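A.B. asks: Please see the structure below; I have some questions.
Please treat every number below as a calculation from the coordinates, not as lab data. In this text the structure is predicted, and so the values were computed from the model without any measurement. Heads up, the Cβs are rebuilt from the backbone with ideal geometry, glycines too, and the neighbour counts pull from every protein chain shown.
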Amino acid sequence: MSIDSVFVHKMWNDHELSKMVAGGVPFPMLSDTGGKVGTAFGVYSEEMGVETRGRFIIDPDGIIQGFEVLTPPVGRNVNESFRQVQAFQVVRNSKGTEATPSGWRPGKMTLKPGPDLVGKVWEVWKTDMAFD
Amino acid sequence: MAEEIKVGCARPTGGLVGAEEEKQGSSEATPTPKGKEMKAMIQVGKPAPDFTSPAYLKGNFVSVKLSEYLGKWVLLCFYPGDFTFV
């Protein structure tokens with residue numbers, strides 16, 4: 001989503017993005033001319049007249065589970081966004097009985113918070129697990 | 001899911017769901033206090049503000065409503081503008 005019109009989205013997709021991604025952008029390129037939606041999400045900059053690089057993870061109930069906002073010159077890490085979605089899916093599927101510790105990615109162990117784990121995380125989780 | 005929209009010379013615009021009704025509901029006797037307009041109220045664990053937005057999707061101009069995606073995981077990404085570099 002950006003403040004560009006759908007016409008400019010079409011030009012960008014057809015003339016540039018489709019040369020990077022076969023078939024072009026597969027998801028809707030949203031237009032927020034005027035920045036109303038960006039304002040509601042807190043990412044519209046009045047000063048610059050554009051939206052900053054905000055990324056929101058919204059769960060199947062429409063609840064915001066996480067967000068990240070960067071100023072324009074730095075691009076995002078798509079893998080990190082996917083990792084976070086996968087982590088939220090694990091938590092949701094466990095109905096909140098599991099939590100994903102720092103550095104978790106699919107395949108790594110989760111934690112089961114409860115009275116028995118209090119003060120015992122050090123026994124099961126090591127700091128090197130925070131890194132890939 | 002996304003319904004096709006007619007394209008004219010005016011640039012199609014979207015907005016927040018419910019914002020229009022609010023505006024119509026406020027009478028002249030009770031002017032909206034300053035700063036009451038949609039403030040950034042984003043918090044994790046809270047519902048995302050619903051909106052409709054025109055969109056370009058694989059050759060078509062469509063209208064997208066966030067709440068149509070209930071039941072799915074959504075990544076909503078904002079960026080400064082088309083043809084920006086990163």
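A.B. asks: At q = 0.14, 0.20, 0.25, 0.31 Å⁻¹, work out log10 I(q)/I(0) for segment A:1-51 with the Debye formula, treating every Cα as an identical point scatterer and leaving solvent out; two decimals please.
C.D. replies: The calculated log intensity ratios at q = 0.14, 0.20, 0.25, 0.31 Å⁻¹ are -0.40, -0.70, -0.87, -1.07.
A.B. asks: Treating the angle as unsigned and between 0 and 90°, give the value, to the nearest 10°, between the Cα long axis of helix A:78-93 and the longest Cα principal axis of chain A.
C.D. replies: 50 degrees
A.B. asks: What's log10 of I(q)/I(0) for chain A at q = 0.11, 0.22 Å⁻¹, Debye sum over Cα points only, no solvent?
C.D. replies: -0.58, -1.35
A.B. asks: Let a ≥ b ≥ c be the square roots of the eigenvalues of the Cα gyration tensor of segment A:73-132; is it rounded (a/c under 1.5), or, if not, prolate (a/b larger than b/c) or oblate? Intermediate results must be reported in sequence, preceding the final value.
C.D. replies: Details: a/c = 2.80, a/b = 1.55, b/c = 1.80.
Cα axes put segment A:73-132 in the oblate bin.
A.B. asks: What is the magnitude of the charge dipole of segment A:1-51 about its Cα centre, with +1 placed on the Cβ of each Lys and Arg, -1 on the Cβ of each Asp and Glu, and no other charges, expressed in debye to the nearest 20?
C.D. replies: Numbers: 3 positive and 7 negative charges, 44 e Å.
Result for segment A:1-51 is approximately 220 debye, rounded to the nearest 20.
A.B. asks: Starting with the highest mean, order B:58-67, A:68-77 by the number of other Cβ atoms within 10 Å, averaged over the residues of each peptide. Could the numbers behind the result be given before it?
C.D. replies: Details: B:58-67: 16.2, A:68-77: 12.9.
Going from most to least packed, we get B:58-67, A:68-77.
A.B. asks: Count, for each residue of A:72-82, the Cβ atoms from other chains sitting within 10 Å of its Cβ, then give me the mean as a whole number.
C.D. replies: On the way: counts 6, 4, 1, 4, 3, 0, 2, 0, 0, 2, 1.
That works out to 2 on average.
A.B. asks: Averaged over its residues, how many other protein chain Cβ atoms are within 10 Å of peptide A:48-60's Cβ atoms?
C.D. replies: Details: counts 2, 2, 5, 5, 3, 6, 5, 5, 8, 6, 10, 7, 6.
Mean inter-chain Cβ contacts per residue within 10 Å come to 5.
A.B. asks: Taking the Cα centre of the protein assembly as shown as the origin, how large is its charge dipole in debye, to the nearest 20, when only Lys and Arg (+1) and Asp and Glu (-1) carry charge on their Cβ atoms?
C.D. replies: Values: 24 positive and 26 negative charges, 96 e Å.
With only Lys, Arg, Asp and Glu charged at Cβ, the dipole is about 460 debye.
A.B. asks: Would you mind getting me the FRET efficiency between residue A:20 and residue A:74? Use the beta-carbon distance for r and R0 = 22 Å, nearest 0.05. Walk me through the numbers on the way to the answer.
C.D. replies: Working: r = 19 Å, r/R0 = 0.86.
Computed FRET efficiency for residue A:20 and residue A:74 comes out at 0.70.
A.B. asks: Can I ask one more? Run through the DSSP bridge list for the protein assembly as shown and note the antiparallel percent, rounded to the nearest 5.
C.D. replies: Working: 26 of 27 bridges.
Expressed as a percentage, antiparallel bridges in the protein assembly as shown total about 95.
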